[in-house]
């Protein structure tokens, strides 16, 4: 058969070959589970259903060893809408005729039409061209029962994990016909009332009387596939033509001047003591430097459930959650899986992110696809910056940092602040004053305790570098005058010369950090 030959013998794209094999396997499994006369194809003339049709033909040919691959007598459901493009109707009927499809046209709404159709002809499963990223794909698997209120049938989604690029690679590699609208710049086709050529494919030409568009397969960023759809008054956040909103950190602050952050560090190597954790501490100083208060740092093991539990707890109690570690292709890289589980979504292929990874690391995937490009479905926003080779990952109010050392953190932090719509609101920084004394803990305890009651707006933190060393006292707040008042009160309450100033600066540059570090070990 021409499709099998094109993919198996003439195609050098290992990714496409893998996607093809998995899709064919799903289809053959459905053919084995359900009688052929009780399965149907939902066909709408679009690129996805066109690709699905030919995958079904290939799977049927491979499973039955049919000598005639030109015809494929599968029941085919077509919803005929008065607002459909004439080109779509024409392509659908022409395709049905070319391959001998048993076309069953529904003229009413789809749900009512299915009830009527199923009453006439028993149907157990319908093949759909649903892909991850489609507005109705959230929560579906390759085999998903129909929704409540609909006729009972199994939705079979063989190309659920295919991207926009995968569909076009398949159609072009196999030299298959598709609706001519795609050659006119349409990338996602709905009705004549809400679909336009994708402006991202427009070609400037001074002599042209009207805009010229490149074909759909030349769209570089598949996430913008639906950019040609007319905007609705109420955006659907699962529709990629409406990007996820930027978190307003000031909306849920404890007060008008301070935003809160939590930091989660993932690493068995830290819990085993093999590596010293430094990035969390460094980020604390940077956050305090822009006026954010870090309320919590936790270190959790490389376990999806441990990460999910911690993210679930922190995302609802902090304006922003930062995650370090466990990002990559290794078995222990579970950060994104943990984030996805915390938000109740699954990991799904992200075509745009995969393209960045391809440019960075080439085609060195794990297995037959790049698992590093699987991102939490429907909640992921990529934070682009010209300095970063790969964008940062933001899921609602959780940012997954890719830094592994101080220099990388410095670069990524600078890029975060430099974004036109940065998720970090810059406020008055925390300031600090560091003093020390050779007096013992017992000698200063009463005065420091009184001071903390008198100045509740000042973080007064005590520590000593060694048992016999001096006691270091940090005064931390945003109001310098209050810090000065508190420190002067301490100087006056203790013997003259017993306390001396060490340093005074922004907390971002100070060695002190008033944080509670919890280590949750589940090893």
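Brief remarks follow.
- Residue count, region 304-341 (criterion: part of a helix (DSSP H, G or I) and either surrounded by fewer than 24 Cβ atoms within 10 Å (Cβ to Cβ) or touching a strand residue (DSSP E or B) at 6+ places or on another chain (Cβ under 7 Å) (or both)): 17
- Matching entry among 482, 464 (being farther than 26 Å from residue 258 by Cα and under 46 Å from the mean Cα position of the chain (by Cα)): 464
Yes or no, residue by residue, for (1) surrounded by fewer than 20 Cβ atoms within 10 Å (Cβ to Cβ); (2) over 26 Å from residue 5 (Cβ atoms); (3) in the same structural domain as residue 72 (by TED's automatic domain parsing):
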| site | (1), (2), (3) |
| --- | --- |
| 143 | yes, yes, yes |
| 156 | no, no, yes |
| 191 | yes, yes, no |
| 209 | yes, yes, no |
| 216 | no, no, no |
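- Some residue of region 481-490 being surrounded by 15 or more Cβ atoms within 10 Å (Cβ to Cβ), closer than 26 Å to residue 283 by Cβ and out of contact with any strand residue (DSSP E or B) (no Cβ under 7 Å at 6 or more places or on another chain): yes
- All of (1) part of a loop (DSSP other than H, G, I, E, B); (2) surrounded by 13 or more Cβ atoms within 10 Å (Cβ to Cβ); (3) at pLDDT below 90 hold for residue 364 with one exception: (2).
- Some residue of region 51-73 being in the same structural domain as residue 154 (by TED's automatic domain parsing) and more than 19 Å from residue 100 (Cα to Cα): no
- Residues of region 120-139 satisfying the condition of being under 23 Å from residue 380 (Cβ atoms) and surrounded by fewer than 21 Cβ atoms within 10 Å (Cβ to Cβ): 134, 135, 136, 137, 138, 139
- Being farther than 24 Å from residue 329 by Cα and over 21 Å from the mean Cα position of the chain (by Cα) is a property that residue 439 has.
- Any chance residue 238 is under 15 Å from residue 135 (Cβ atoms) and either at pLDDT 80 or above or assigned to a loop (DSSP other than H, G, I, E, B) (or both): yes
- Residue 16 vs. criteria at pLDDT 95 or above, crowded, with 18+ Cβ neighbours inside 10 Å and not in a loop (DSSP other than H, G, I, E, B): no
- Residue tally, condition surrounded by fewer than 20 Cβ atoms within 10 Å (Cβ to Cβ) and in contact with a helix residue (DSSP H, G or I) (Cβ under 8 Å, 6 or more places away or on another chain), over region 55-73: 7
- Taken as a whole, region 373-390 holds at least one residue that is assigned to a helix (DSSP H, G or I) and under 23 Å from residue 134 (Cα atoms).
- Restricting attention to region 172-189, the residues that are on the phi < 0 side of the Ramachandran plot and buried (at least 20 other Cβ atoms within 10 Å of the Cβ) add up to 9.
- With respect to (1) in the same structural domain as residue 35 (by TED's automatic domain parsing); (2) farther than 18 Å from residue 43 by Cα; (3) surrounded by 14 or more Cβ atoms within 10 Å (Cβ to Cβ); (4) modelled with pLDDT of 90 or more, the lone exception for residue 163 is condition (4).
- Residue match in region 436-451 (condition: exposed (fewer than 13 other Cβ atoms within 10 Å of the Cβ) and within 27 Å of residue 401 (Cα to Cα)): no
- Options 122, 148, 135: the member that is assigned to a loop (DSSP other than H, G, I, E, B) and in contact with a helix residue (DSSP H, G or I) (Cβ under 8 Å, 6 or more places away or on another chain): 122
- Consider region 401-416 and keep the residues that are part of a helix (DSSP H, G or I) and either within 20 Å of the chain's Cα centre (by Cα) or outside the structural domain of residue 292 (by TED's automatic domain parsing) (or both). The one that is farthest from residue 263 (Cα to Cα) is 415.
- Complete set of residues in region 37-48 that are in contact with a helix residue (DSSP H, G or I) (Cβ under 9 Å, 6 or more places away or on another chain) and either under 19 Å from residue 105 (Cβ atoms) or at pLDDT below 95 (or both): 39, 40, 41, 42, 43, 44, 45, 46
- Restricting attention to region 154-185, the residues that are in a loop (DSSP other than H, G, I, E, B) and under 25 Å from residue 99 (Cα atoms) total 11.
The values are calculated or read from the model by the stated rules, or taken from the named source; none is laboratory data. Note that the structure is a prediction, hence the values are computed from the model and not measured. In this analysis, Cβ positions are derived from the backbone assuming ideal geometry, glycine residues included, and neighbour counts consider all displayed protein chains.
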